[in-house]
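Heads up, the thing below is written out as C-alpha cells.
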Amino acid sequence: MKVLLVEDEEHKTVDLKNRLRVHGVADSDLTFAQSVREAVLAVVTTTFDLVVLDMALPTFSKVRPDEGGGGLAQAVGGVEVLRAMQASGKRAAIIVVTQYPDIILNGEKVKLQNVAKIISQRYEQNVLGGVLYSFNTPKWEAAFDGLLGLLNARRSL
C-alpha cells in the first residue's frame, strides 16, 4: 500500500509512521511531505492508496532544521492538497489527522466528526475519517488504528 504522510511536526510524523508500520506499511511504500508545496507535488505526480493529511500546513518546507521559515501554517493548507488531488483526477483513501476539534472548510468551522462526509463530497475523495491527535495518549492511536483497519477491510473485499 503506497502511503503519503503529510505532516509538518516531527513528533507527529514519528508517531504516525510508527502506527503505519504496525499495520504493515513498509518504509519503501511511505512518502513524506512537510508542506503544502511538497504535498501538492507528490499527489499530482504519484498515485497513493492512502493519504494521511494534516490540515494546518506551512506553504513551504524548511530547507535546514535551524531555519525558522517554511511560512506560516495555513489553517486550510490541507484543503489545497485536496484541491490539487481533485484537479488532477487523483483519488485516494484519506485520514485527516489534526490537533484541533474543528477545521475550517470553505470559511466555516466544521466539527472533526463531520469532516469525512463533507470532504468526501466536496473534493470527490474517500475520506475514512478524522483523528484528533494528542501527543502520548492512546485515544488517537485507537482511532487511527480503527480507520486503518476499515481501509484494510475494504481493500480485502
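The values are calculated or read from the model by the stated rules, or taken from the named source; none is laboratory data. This one's a predicted model, so the numbers in the text were calculated from it and none came from an experiment. For neighbour counting, all protein chains shown are included, and Cβ atoms are generated from backbone atoms with ideal geometry for every residue, glycine included. Note: accessible area is taken over every heavy atom of the protein model, side chains too, but ligands, DNA and RNA are not part of it. Shrake-Rupley method; radii C 1.70, N 1.55, O 1.52, S 1.80 Å.
Enumerate the calculated ³J(HN,Hα) couplings along region 148-153 in order (Karplus 6.51 cos²θ - 1.76 cosθ + 1.60, θ = phi - 60°), each rounded to whole Hz, writing x wherever the residue is Gly or Pro.
Taking θ as phi minus 60°, the curve returns 5, x, 4, 4, 5, 5 Hz for region 148-153.
Once Cα extents along the principal axes in Å is worked out from the coordinates, which option in [x] 44, 32, 31; [y] 53, 37, 27; [z] 66, 36, 25 does it equal?
Read-out taken from this structure: [x].
Scanning the chain for chymotrypsin sites (Phe, Trp or Tyr not before Pro) in DSSP loops with at most 15 other Cβ atoms within 10 Å, what's the longest stretch left with none?
Details: sites that count: Phe60, Phe135.
Counting at most 15 other Cβ atoms within 10 Å as exposed, the longest clean stretch of the chain is 61-134.
Please work out the FRET efficiency for the pair Phe135 and Glu80, using the Cβ-Cβ distance as r and a Förster radius of 30 Å; give the result to the nearest 0.05.
Working: r = 25 Å, r/R0 = 0.85.
Calculated value: 0.75.
Please give the length that would be gained between Leu41 and Val14 if that part of the chain were fully extended, namely 0.36 nm times their separation in residues minus their C-alpha to C-alpha distance (nm, one decimal).
Numbers: separation 27, 0.36 × 27 = 9.72 nm, distance 2.19 nm.
Fully extending the segment from Leu41 to Val14 adds 7.5 nm.
Test of understanding: what is the full-extension gain from His23 to Gln99, defined as 0.36 nm times their sequence separation minus their Cα-Cα distance? Each step should come with its number before you reach the end.
Working: separation 76, 0.36 × 76 = 27.36 nm, distance 2.22 nm.
So the chain would gain 25.1 nm between His23 and Gln99.
Compute the accessible area per residue over the chain, keeping the other protein chains in place, probe 1.4 Å, unit Å². Mind dumping the intermediate values first?
Numbers: 8060 Å² over 157 residues.
For the chain, the per-residue accessible area is 51 Å².
For a quick check of your reading of the filter: which GluC sites (Glu not before Pro) in region 1-45 sit in a DSSP loop and have no more than 11 other Cβ atoms within 10 Å?
Values: sites: Glu7, Glu9, Glu10, Glu38; in loops: Glu7, Glu9.
For GluC sites (Glu not before Pro) across region 1-45 that sit outside H, G, I, E and B with at most 11 neighbouring Cβ atoms in 10 Å, the list is empty.
Compare the Cα positions of Val51, Ile118, Val131 along the charge dipole of the chain (+1 at Cβ of Lys, Arg; -1 at Cβ of Asp, Glu; about the Cα centre) and return the one farthest towards the positive end.
Ile118
Can you list residues from other chains, or at least 5 along the same chain, whose modelled amide H is less than 5 Å from the amide H of Val97?
Leu53, Asp54, Met55, Val131
If you take all C-alpha pairs in region 78-119, what percent of them are over 16 Å apart?
Details: 306 of 861 pairs.
The calculated P(r) of region 78-119 puts 36 percent of pairs beyond 16 Å.
Hey, what do the phi angles of region 110-116 turn into as Karplus ³J(HN,Hα) couplings, whole Hz, using 6.51/-1.76/1.60 and θ = phi - 60°, x for Gly and Pro?
Running phi through 6.51 cos²θ - 1.76 cosθ + 1.60 with θ = phi - 60° gives 10, 5, 4, 5, 9, 4, 4 Hz.
What is the distance, in nm, between label points placed 7 Å from the Cα along the Cα-to-Cβ direction at Ser156 and at Lys111?
Taking the simple label geometry, Ser156 and Lys111 are separated by 3.2 nm.
If you roll a 1.4 Å probe over the chain with all protein chains in place, what percent of the accessible area is carbon or sulfur? Could you put the intermediate results ahead of the total?
On the way: 4250 of 8060 Å².
Carbon and sulfur together cover 53 percent of it.
Can you list residues whose amide H is under 5 Å from Val127's amide H, if they're 5+ apart or on another chain and H is modeled 1.01 Å from N?
Counting only residues 5 or more places away or on other chains, the set is Ile94, Ser120.
For Leu105, list long-range residues whose amide hydrogen, built 1.01 Å from N in the peptide plane, is under 5 Å from its own amide hydrogen.
The answer is Val110.
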